[in-house]
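For reference, the structure discussed in these notes is given below.
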Amino acid sequence: MPTSALTGTQPGTTYVSMGQLKPLKIRLESASNGGGCGTTGGEGKASCGSSDGPQDMPAEVWDKVKNHPCYSEEAHHHFARMHVAVAPACNIQCNYCNRKYDCSNESRPGVVSQKLTPEQAVKKVVAVASAIPQMTVLGIAGPGDALANPRKTFDTMRMLTARAPDIKLCLSTNGLALPDLVDEICKHNIDHVTITINMVDPEIGAKIYPWIFWNHKRLTGIEAATVLHQRQMLGLEMLTARGVLTKVNSVLIPGINDQHLMDVNREVKKRGAFLHNIMPLISEPEHGTVFGLTGQRGPSAQELKAVQDACMGGANLMRHCRQCRADAVGLLGEDRSDEFTLDKLDAMEVDYDLEKRKAYQDKVEQERSAQQAAKQQALAVASALQAAQDLKVLVAVATKGGGRVNEHFGHVTEFQVYEVSAAKAHFVGHRRVDQYCQGGAGDDEQLPSVVRAINDCHAVLVAKIGACPRDELMLAGVEPVDAYVGEFIEKAALDWFNDYRARVASGAVLHQHRGDAAIRQGAYTALAA
Ligand code: CLF
Ligand code: SF4
């Protein structure tokens, strides 16, 4: 439980005692006002944006969300983000963090190949945005804490706004410095902020954070976690009161905060968080983190899903996070940072064309409208069909973006997984795999792990597939389907599902529940983190 106790009030204001610490002033009214959609989540809202559209939220919120790949699941099929590593320092220590430089092979938060000055960062963003019109969001997400490096962070934002005003600004912070910088955040039109909140109970926090550096002093233990907790809650309330869309990231650490994240979800919802992103701990020993070295394991994907499901009905959940590097570039799930290293930038022809970018975004809008219409049409057919009404299955999809079935089975590095029933078809997660097809030929040794990754699904929708993987999938009970090439994913999944239901009803196919058996075979655990 939070250790704070209320000790005094003024109208609209409460002072929170922090033991021997300086009292903090918290505006309680902002907690109940909340931040638009973040407070409207409820049962049945599976994750942000899976079907959210302008009809589900105020126009000004939709405007902020529609092109942001992290804040809208649907947008992540079409729009890209990039991070610039201008913020190397941090004001706290997390037991899961070891910031690494010059590492281009690891894909996880905190890792970068090159640190940048604000000037270099702006040059890079403009070059990327010229080459990739779908790049709509610039985030500062490490390798340290964006707000522990306020000058570098805000200089970058300021210079970028002058040069490329159509790019949305986003930052990520541990929250310690946040309350002091909310004005500055608003001044720079940063309308998306992520706070990493792993606990609302400082006793749990003391197991995650060995120290913080605050008010020119190093604090440890419960005292450190108490200050961090209070600052995070205050910062969240201040941001949502100012209309800044605020997402909360939580790292799921089995045995430490797995039972506790429901409390976190409830508390951040109360304070207006727009989304809650529960991510698995990454703790390989070779990363050199405290948790990695002490054998603290990360959760299986099954455990992660169980905690996410337990939080349903609270703050809306994000399930499409890819735990990006601090210098990631591209669509979520892809990383094109190697194409934009400083030496390559010098040789690049940069043509920042606002009209061209706008034309791309208009085209995406048309695609999204068509996608929604196709989905609604397929749903109408699905709900009218009487056969096998109560079935619900998972369908894996091979896609390279655009919300369509358009990737060859052998080229997939990440399947998207949709849950499909007569009432809905929505994204529930992704499964990373090693690419099966290498240099034009299938790698037989790779195939079993690829099949295992999706063996809880009833079908996999692909653009093309060879005979060998087709046979292996059939043996595993996963139907390979290449009949929907180029179609929108949800429509394709529903069309296949309707056909499957008809086959089940006619007795041509015997429906088997696959999830649990597949989980026991290790499909989920192999995919943790
Ligand atoms: Fe970057 Fe984060 Fe902004 Fe997105 S990432 S600062 S909100 S633009 Fe997104 Fe990457 Fe997950 Fe972060 S997928 S790690 S949630
Ligand atoms: Fe690392 Fe971020 Fe934690 Fe700082 S706040 S120690 S950068 S994970």
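The values are calculated or read from the model by the stated rules, or taken from the named source; none is laboratory data. What you see is a predicted model; the values in this text were computed from it and never measured. Methodologically, a virtual Cβ is constructed for each residue, glycine included, from the backbone with ideal geometry; neighbour enumeration extends over all protein chains shown.
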message: Can you go through Leu171, Leu234 and tell me which one is in a helix (DSSP H, G or I), among the aliphatic types (A, V, I, L, M) and crowded, with 21+ Cβ neighbours inside 10 Å?
response: Leu234
- line: Those residues of region 254-276 that are closer than 18 Å to Gln302 by Cα and surrounded by fewer than 24 Cβ atoms within 10 Å (Cβ to Cβ) come to a total of 7
query: Which residues, counting only those in region 130-153, are more than 15 Å from ligand 1 (Cβ to nearest atom) and assigned to a loop (DSSP other than H, G, I, E, B)?
result: Pro133
field: Breaking point among (1) modelled with pLDDT under 90; (2) in contact with a strand residue (DSSP E or B) (Cβ under 9 Å, 6 or more places away or on another chain); (3) more than 12 Å from ligand 1 (Cβ to nearest atom), for Thr156
entry: (1)
query: Do you know which of the residues in region 89-99 that are within 16 Å of ligand 1 (Cβ to nearest atom) and not aromatic (Phe, Trp, Tyr) is modelled with the lowest pLDDT?
result: Arg99
statement: Of the residues in region 316-337 that are of a type in the set (D, E, K, R) and modelled with pLDDT of 85 or more, the one that is farthest from the chain's Cα centre (by Cα) is Arg336
- prompt: Is one or more of the residues making up region 159-178 touching a Phe, Trp or Tyr at 6+ places or on another chain (Cβ under 8 Å), within 30 Å of Gly298 (Cβ to Cβ) and within 15 Å of ligand 1 (Cβ to nearest atom)?
  reply: no
Residue in region 290-315 that is nearest to ligand 1 (Cβ to nearest atom), counting only those that are modelled with pLDDT of 90 or more and in contact with a Ser or Thr (Cβ under 7 Å, 6 or more places away or on another chain): Gly298
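Kindly indicate whether Met135 is in contact with a Pro (Cβ under 8 Å, 6 or more places away or on another chain), more than 14 Å from ligand 2 (Cβ to nearest atom) and in the same structural domain as Met262 (by TED's automatic domain parsing). Full working, then the answer.
Values: in contact with a Pro (Cβ under 8 Å, 6 or more places away or on another chain): no; more than 14 Å from ligand 2 (Cβ to nearest atom): yes; in the same structural domain as Met262 (by TED's automatic domain parsing): yes.
So Met135 does not fit the description; no.
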query: Scanning region 237-266 for residues that are of a type in the set (Asp, Glu) and in contact with a Leu (Cβ under 9 Å, 6 or more places away or on another chain), which turns out farthest from Ser172 (Cα to Cα)?
result: Asp258
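If we scan region 201-211, do we find a residue that is within 13 Å of ligand 2 (Cβ to nearest atom), of a type outside the set (S, T, N, Q), more than 22 Å from the chain's Cα centre (by Cα) and assigned to a loop (DSSP other than H, G, I, E, B)? Explain how you work it out, then say what you get.
Initially, region 201-211 is screened for residues within 13 Å of ligand 2 (Cβ to nearest atom), giving 205, 208-211.
Then drop every residue that is not of a type outside the set (S, T, N, Q), which leaves 205, 208-211.
Still in the list and also more than 22 Å from the chain's Cα centre (by Cα): 205, 209-211.
Keeping just the survivors that are assigned to a loop (DSSP other than H, G, I, E, B) gives 209-210.
Within region 201-211, one or more residues are within 13 Å of ligand 2 (Cβ to nearest atom), of a type outside the set (S, T, N, Q), more than 22 Å from the chain's Cα centre (by Cα) and assigned to a loop (DSSP other than H, G, I, E, B).
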query: Out of the residues in region 440-496 that are part of a strand (DSSP E or B) and of a type outside the set (A, V, I, L, M), which is nearest to the chain's Cα centre (by Cα)?
result: Phe488
task: Among the candidates Asp263, Asp258, single out the residue that is of a type in the set (Asp, Glu), assigned to a loop (DSSP other than H, G, I, E, B), touching a residue at least 40 places away in the same chain (Cβ under 8 Å) and farther than 28 Å from Val112 by Cα.
output: Asp258
